[in-house]
Amino acid sequence: MANKPDIRYINYYVSGTAAPNLVPKPVRRKKPQLPKPRVRENRELLLQVDPFAIAGIAVAAVLLVLMCVGVTRLYTQKAEVSANVQYLEKLQAEQVQLQGTYTAGYDLEEVEKIALALGMVPKDTLIHDEVSVTIPTPVQESTRWENFWNFVTGLFA
């Protein structure tokens with residue numbers, strides 16, 4: 001080891017003539033200081049509100065209103081249907097009564113006498129001629145696509 005200086009750390013503490021205390025001093029313990037309570041100022045309390053929660057509540061309220069409207073409309077329609085069913089039953093009963101009155105109101109023999117007096121003849125005594133008619137099929141007009149295709153094939157023909 002080449003020329004390395006020999007270094008020593010020297011402790012400069014010298015006890016000297018100071019006499020040590022043989023009686024320990026009483027340790028004074030300080031009372032622990034509690035943190036001072038904070039005085040609340042009259043500030044407005046700010047609440048953080050989740051916008052998705054507000055939107056969910058709004059959607060739920062709208063759906064509740066729509067459900068109430070739907071239920072009231074359903075009950076209204078049920079009442080209207082029952083009223084219409086009662087009206088239909090009334091009309092059917094009236095129709096049965098009027099049909100009986102109508103059939104009782106005329107006599108078939110009297111109707112036949114009046115018809116013969118007017119010059120009408122029974123259906124069995126008439127001569128029936130049958131005429132057959134053939135309806136020609138209409139000529140089908142070509143569509144625009146067919147016209148275009150015919151034009152293209154005419155170009156390359």
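The values are calculated or read from the model by the stated rules, or taken from the named source; none is laboratory data. Keep in mind that this is a model prediction, so the values were computed, not measured. Each accessible area value is taken on the protein alone, full model and side chains, heavy atoms only, with ligands, DNA and RNA left out. Shrake-Rupley method; radii C 1.70, N 1.55, O 1.52, S 1.80 Å.
Remarks
- Vicinal HN-Hα couplings computed from phi for region 29-41 (Karplus, 6.51 cos²θ - 1.76 cosθ + 1.60; Hz; Gly/Pro x): 9, 7, 5, x, 8, 6, x, 5, x, 6, 8, 7, 7
- Added length on full extension, which subtracts the Cα-Cα distance from 0.36 nm per residue, N147 to Q92: 13.8 nm
- Probe 1.4 Å, protein heavy atoms only - accessible area per residue of region 22-83 in square angstrom: 116
- Computed from backbone phi, the HN-Hα couplings of region 114-120 come to 5, 5, 5, 5, 7, x, 7 Hz, rounded to whole numbers (Karplus: 6.51 cos²θ - 1.76 cosθ + 1.60, θ = phi - 60°; Gly and Pro given as x).
- Tensor-based shape of region 51-133 (alpha-carbon gyration tensor, a/c under 1.5 rounded, otherwise prolate or oblate): oblate
- Overall, the accessible surface of region 80-119 at a probe of 1.4 angstrom is composed of carbon and sulfur to the extent of 59 percent.
- Computed with every protein chain present, the accessible area of I114 is close to 90 Å² [probe 1.4 Å].
- Region 85-157: C-alpha gyration tensor shape, a/c 1.5 cut-off, then a/b vs b/c: oblate
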